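What follows is calculated from the coordinates using simple rules that are stated; it is not laboratory data. A quick note: this is a predicted structure, and the numbers were derived from the prediction, not measured. When we count neighbours, we look across all protein chains shown, and the Cβ atoms used for this are built from the backbone with ideal geometry, even at glycine.
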Amino acid sequence: MAKQPGLKSARLLEMYSRFTQGHVLNKADLARDFRVTEKSIQRDIEELRCFFSDHHLNQDVVYDPKQKGYRLMNTIPKGLTNSEILAVCKILLESRSLRKDEMLPILDKLLDCAVPEENKRAVGALIANEKLHYIPPHHGQKILDGLWDLGQAIQKQFAVEIEYERMKEPKLVKRRVQPVGLMFSEYYFYLTAFLEDKTNFENPDDNYPTIYRVDRIKSFKVLDEHFRLPYAGRFEEGEFRKRVQFMYGGRLQRIRFKYTGPSIEAVLDRLPTAEIIRQDDEGWVVTAEVFGKGIETWLRSQGDFVKGDE
């Protein structure tokens, strides 16, 4: 049934009513029914999309190529909001964790999730300059394929043989390890794993995992050998992550210091296990549980803001 032309609000309500009834709407048919051009119908569809987005409604109008028309789709709980897409893009760009040929396709796929089209362009414009001037990590290694394979080895508890380039001595060493976690920190991905042979190490009885930068793993082979974790209970990657902020191996230790700097929040965010023991006019006494020797470098970097607590 044809509607009186020019009544845009009535047209939009009629289109929305048809959508909610499950109809697939064709632009040519709608243009004929409402006696307007197909361009007008396209603008109507974009306005409906904008309305859903602006009012945070969990709906969208999508084109169905099989039925050659538009239909209403509920977006619960699928997809990211435009704000979430922008946030993830900014985080990825700031991480500088991947080569350009790995990073940029991820960003483009995220942008494709933004709706409607004008929001996609807006998000793209907000990150365009950072994409143009993106500086990849200097190691130049491809990361993504290896991450997935290592993740599968972790999940299925397969031992892995790695060829690793050490930082102190630029030479390759071979290790058989039992991988238990993947982490990211300050530009780099890391593999946490238990060494199978510790006879040549300073503390063979060390029950803590070793940390390897993934880009320094020059080759690896997932072995057809299952392993059991070397201690009772499951390795909790999240709990370990809270205590290994500086990606240095070593024993678990509890530290205590006094902080007199301007922002205690920066300390608490840097050390997730940190607790404030006492506060006075000078500052805060903080204790934290951490792995490895990296904490020593960080404490020294704070200069006069950090000192021992008696």
Checklist line | ³J(HN,Hα) computed for each position of segment 293-307 - Karplus, 6.51 cos²θ - 1.76 cosθ + 1.60, integer Hz, glycine/proline x | finding: 9, x, 4, 5, 4, 5, 4, 5, 5, 7, x, 6, 6, 10, 8
Margin query: Between 0 and 90 degrees, rounded to the nearest ten: what's the tilt of helix 38-54 against the longest Cα principal axis of the chain?
Written below: 40
Note to self: Among 127, 95, 107, whose Cα projects farthest towards the positive end of the dipole of segment 82-132, with charges put on the beta-carbon of Lys, Arg (+1) and Asp, Glu (-1)?
What the structure shows: 95
Check: Using modelled amide H (1.01 Å from N, peptide plane; none on Pro or chain starts), what sits under 5 Å from the amide H of residue 248, excluding residues fewer than 5 places away?
Finding: 294
Check: residue 223's amide H: which non-local residues (gap 5+, or another chain) put their own amide H closer than 5 Å, with H modeled 1.01 Å from N in plane and none for Pro or chain starts?
Finding: 159, 160, 161
Notebook entry, point to check: In segment 8-74, if every C-alpha pair distance is counted and binned at 5 Å from zero, what percent goes to each bin?
Noted result: 4, 17, 31, 29, 14, 5, 0
Notebook entry, point to check: Could you give the alpha-carbon Rg of segment 252-308 over 2.2 N^0.38 Å, rounded to two decimals?
Noted result: 1.02
Notebook entry, point to check: Using the Karplus equation 6.51 cos²θ - 1.76 cosθ + 1.60 (θ = phi - 60°), what ³J(HN,Hα) coupling, rounded to whole Hz, does each residue of segment 121-126 give in order, writing x for Gly and Pro?
Noted result: 5, 5, 5, x, 5, 5
Check: Listing 284, 148 from the residue with the fewest other Cβ atoms within 10 Å to the one with the most, what is the order?
Finding: 148, 284
Next item on the list: Assign unit charges at the C-beta atoms only (+1 for Lys and Arg, -1 for Asp and Glu), then state the dipole size of segment 252-308 relative to its Cα centre in Debye, rounded to the nearest 20.
Entry: 280
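Quick check on segment 108-228: what are the equivalent-ellipsoid semi-axes from the Cα gyration tensor, as sqrt(5λ), descending, whole Å?
37, 17, 12
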Next item on the list: Could you please tell me the mean projected area of the C-alpha convex hull for the chain, averaged over all directions and given in square nanometres to one decimal?
Entry: 24.3
Next item on the list: Quick one: which residues, 5 or more positions from residue 180 or on another chain, have an amide H under 5 Å from its amide H? H modelled 1.01 Å from N in the peptide plane, none for Pro or chain starts.
Entry: 192, 193, 194
Check: residue 145 to residue 51: extension gain in nm, 0.36 nm per residue of separation minus the Cα-Cα distance?
Finding: 29.9 nm
Check: Of 286, 36, 123, which is the most mobile in a GNM of the chain whose springs link Cα atoms less than 10 angstrom apart?
Finding: 36
Margin query: Run the simple label-point estimate for residue 35 and residue 83 please: 7 Å along Cα→C-beta, distance reported in nm.
Written below: 4.4
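What order do you get for 60, 145 when you list them from fewest to most C-beta neighbours inside 10 Å?
145, 60
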Next item on the list: With θ set to phi - 60°, apply the Karplus curve 6.51 cos²θ - 1.76 cosθ + 1.60 along segment 8-14 and write out the HN-Hα couplings as whole Hz, x wherever there is a Gly or Pro.
Entry: 5, 4, 5, 5, 5, 5, 5
Margin query: Roughly how far apart, in whole Å, are the Cα centres of segment 150-193 and segment 91-142?
Written below: 27
